[in-house]
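Participant: Take this structure, written in structure tokens, and hold onto it; I'll ask about it next.
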Amino acid sequence: MSYYHSKFSTGTTRPKKGKSPAYKFIRFLLILIILIVLGGGYFVYNAMFAPNTWTPDNEDVSIYIEKGATYDEVKKYLYSKGLIVNRNTFEWLAARKNYDEHIKKGHYLVKSDMTNNELINILKAGLQTPVNVIFNNIRVLPQLAHRVSEQLSFDSAALMNLFRDTAYLKQYGFTPKTVKSMFIPNTYEFYWTASAEDFFERMHTEYDKFWTDEKLNKAKEIELTPLQVSTLASIIEKETSKNDEKARIAGVYMNRLERGWRLQADPTLIYAIGDFSIKRVLNKHKRVDSPYNTYLYRGLPPGPICLPSISSINAVLNYENHEYMFFCAKADFSGYHAFARTNAQHQRNAREYQRALNERKIYE
């Protein structure tokens, strides 16, 4: 028995078998899946959270998406401005978020280093950035309609239709001749998509805010309505650009109104004629038959001859009390005026200014 045991019980171990091909394949497959998952995760992370916009000098860029724009049009618009760094990640996320089904008209700001997620969320939700609407130095309503329509999305014709609609204007207490007084030149925030009606309604709200109880009481004290204040202010607006003499000019016109004199304001003649290139008012101009001709008709014209600035309105409400009845431009072309109490004084000032015009060959 001992011999038998010693012969077959040597104590040696058997050699290990190598990894099977199936095992190696499974391990390779697992590694490949992990790499794919990691790569996909990295792509998704970049697509959603990595900065993917560029703007010149890191300044915000305004983009305007028109009504009815398609996804392809929006993409081309963004690409044409060079705002998107990686187009593939932008388009991948846009597809995941179904942005092509939620194109919103509006004005948006693209900031430098925005993520795709940030940009697409803003565009998809229609989270517009307001625009500043500015208007000043406006003489006539078509000019106002054009200026505003350049800054908002509606056509100027839409606003002009409201200006001509007497029934619509009546709701707000205005007529086509007086409605200019409702628009106080300033800077206002609007959404770019605002309609002509939205703009009009907002301007009426701003008009009501402007005419505070204090201003209304001042107008009452000088025996003028807000419309009359605006009308007189519009004349002053075109008489001088010097804020520090507006109240004095307002005082001259108030003296004339109180005494029943004709205002004889050159800017009203120019408005009546409709030729705003006129630099020198002549006797032939004074014969035009128009309610805006204050050389022919007493009192204020039917409505403002321009959109008066806040400074001109305040000049009327706080006009200077004095005895001046006349004024004309100074011969030094400084933009200021020479004031006179008597016609004789005024004629001397006028002749001096006329000589200066002749010397400069300004005849009309």
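Participant: Looking only at region 55-94, filter to residues that are in contact with a helix residue (DSSP H, G or I) (Cβ under 7 Å, 6 or more places away or on another chain) and surrounded by fewer than 15 Cβ atoms within 10 Å (Cβ to Cβ); which one of those is nearest to THR129 (Cα to Cα)?
Facilitator: Step by step, filter region 55-94, then rank; the result is TYR79.
Participant: Looking only at region 123-140, which residues are in a helix (DSSP H, G or I) and surrounded by 19 or more Cβ atoms within 10 Å (Cβ to Cβ)?
Facilitator: Listed by number, the list holds a single entry, LEU123.
Participant: Test of understanding: among SER234, SER195, which residue is more than 19 Å from TYR324 (Cα to Cα), surrounded by 19 or more Cβ atoms within 10 Å (Cβ to Cβ), among the hydroxyl-bearing types (Ser, Thr, Tyr) and at pLDDT 95 or above?
Facilitator: Exactly one residue qualifies, and that residue is SER234.
Participant: Separate question: Looking at TYR188, TYR253, TYR207, which is the one that is farther than 27 Å from GLY299 by Cβ and among the aromatic types (Phe, Trp, Tyr)?
Facilitator: So the residue among TYR188, TYR253, TYR207 that is farther than 27 Å from GLY299 by Cβ and among the aromatic types (Phe, Trp, Tyr) is TYR188.
Participant: For region 215-231, which positions are surrounded by fewer than 24 Cβ atoms within 10 Å (Cβ to Cβ), assigned to a helix (DSSP H, G or I) and touching a residue at least 24 places away in the same chain (Cβ under 8 Å)?
Facilitator: Of everything in region 215-231, those that are surrounded by fewer than 24 Cβ atoms within 10 Å (Cβ to Cβ), assigned to a helix (DSSP H, G or I) and touching a residue at least 24 places away in the same chain (Cβ under 8 Å) turn out to be LYS215, LYS218, ALA219, PRO226, LEU227, GLN228.
Participant: While we're here: Is region 161-168 home to any residue that is part of a helix (DSSP H, G or I), small (Gly, Ala, Ser) and either exposed (fewer than 15 other Cβ atoms within 10 Å of the Cβ) or assigned by TED's automatic domain parsing to the domain that holds SER241 (or both)?
Facilitator: Yes, because at least one residue in region 161-168 is part of a helix (DSSP H, G or I), small (Gly, Ala, Ser) and either exposed (fewer than 15 other Cβ atoms within 10 Å of the Cβ) or assigned by TED's automatic domain parsing to the domain that holds SER241 (or both).
Participant: Enumerate the pairs (first residue in region 255-279 and within 20 Å of ASN343 (Cα to Cα); second residue anywhere and modelled with pLDDT under 95) with beta-carbon separation below 6 Å, excluding pairs fewer than 6 apart on the same chain, so at least 6 apart or on different chains.
Facilitator: Close Cβ pairs (under 6 Å, with a partner that is modelled with pLDDT under 95) amount to ASP266/VAL281.
Participant: Under the condition of being in contact with a Ser or Thr (Cβ under 6 Å, 6 or more places away or on another chain) and in a helix (DSSP H, G or I), which residue from region 251-280 is surrounded by the most Cβ atoms within 10 Å (Cβ to Cβ)?
Facilitator: The residue in question is THR268.
Participant: Identify all residues within region 281-310 that are surrounded by fewer than 17 Cβ atoms within 10 Å (Cβ to Cβ) and in a helix (DSSP H, G or I); write none if there are none.
Facilitator: LYS286, ARG287, ILE310
Participant: Could you list, ordered by first residue, the pairs with Cβ atoms under 7 Å in which the first is in region 335-361 and free of Cβ contacts under 8 Å to residues at least 60 places away in the same chain and the second is assigned to a helix (DSSP H, G or I) and buried (at least 16 other Cβ atoms within 10 Å of the Cβ), at least 6 apart or interchain?
Facilitator: Pairs found: ALA338/ASN349; ALA340/HIS346; ALA340/ASN349.
Participant: Can you say whether LEU119 is assigned to a helix (DSSP H, G or I) and either at negative phi or surrounded by fewer than 15 Cβ atoms within 10 Å (Cβ to Cβ) (or both), as far as the supplied structure shows?
Facilitator: When the stated conditions are applied, LEU119 passes them.
Participant: Checking HIS322 against (1) without any contact (Cβ under 8 Å) to a residue 12 or more places away in the chain; (2) in a loop (DSSP other than H, G, I, E, B); (3) over 24 Å from PHE276 (Cβ atoms): exactly one of these is not met. Which one?
Facilitator: (1)
Participant: Within region 309-364, can you find the residues that are among the aliphatic types (A, V, I, L, M), at pLDDT 95 or above and farther than 21 Å from ASN137 by Cα?
Facilitator: Selection gives MET325, ALA338, ALA340, ALA344.
Participant: Let me ask another. If only one of LYS104, LYS76 is farther than 30 Å from MET160 by Cβ and free of Cβ contacts under 8 Å to residues at least 40 places away in the same chain, which one is it?
Facilitator: Step by step, each of LYS104, LYS76 is checked, and only LYS76 is farther than 30 Å from MET160 by Cβ and free of Cβ contacts under 8 Å to residues at least 40 places away in the same chain.
The values are calculated or read from the model by the stated rules, or taken from the named source; none is laboratory data. Because the structure is predicted, anything quoted here is derived from the model rather than measured. Quick reminder, even Gly has a Cβ in these numbers, built from the backbone with ideal geometry, and neighbours come from all protein chains shown.
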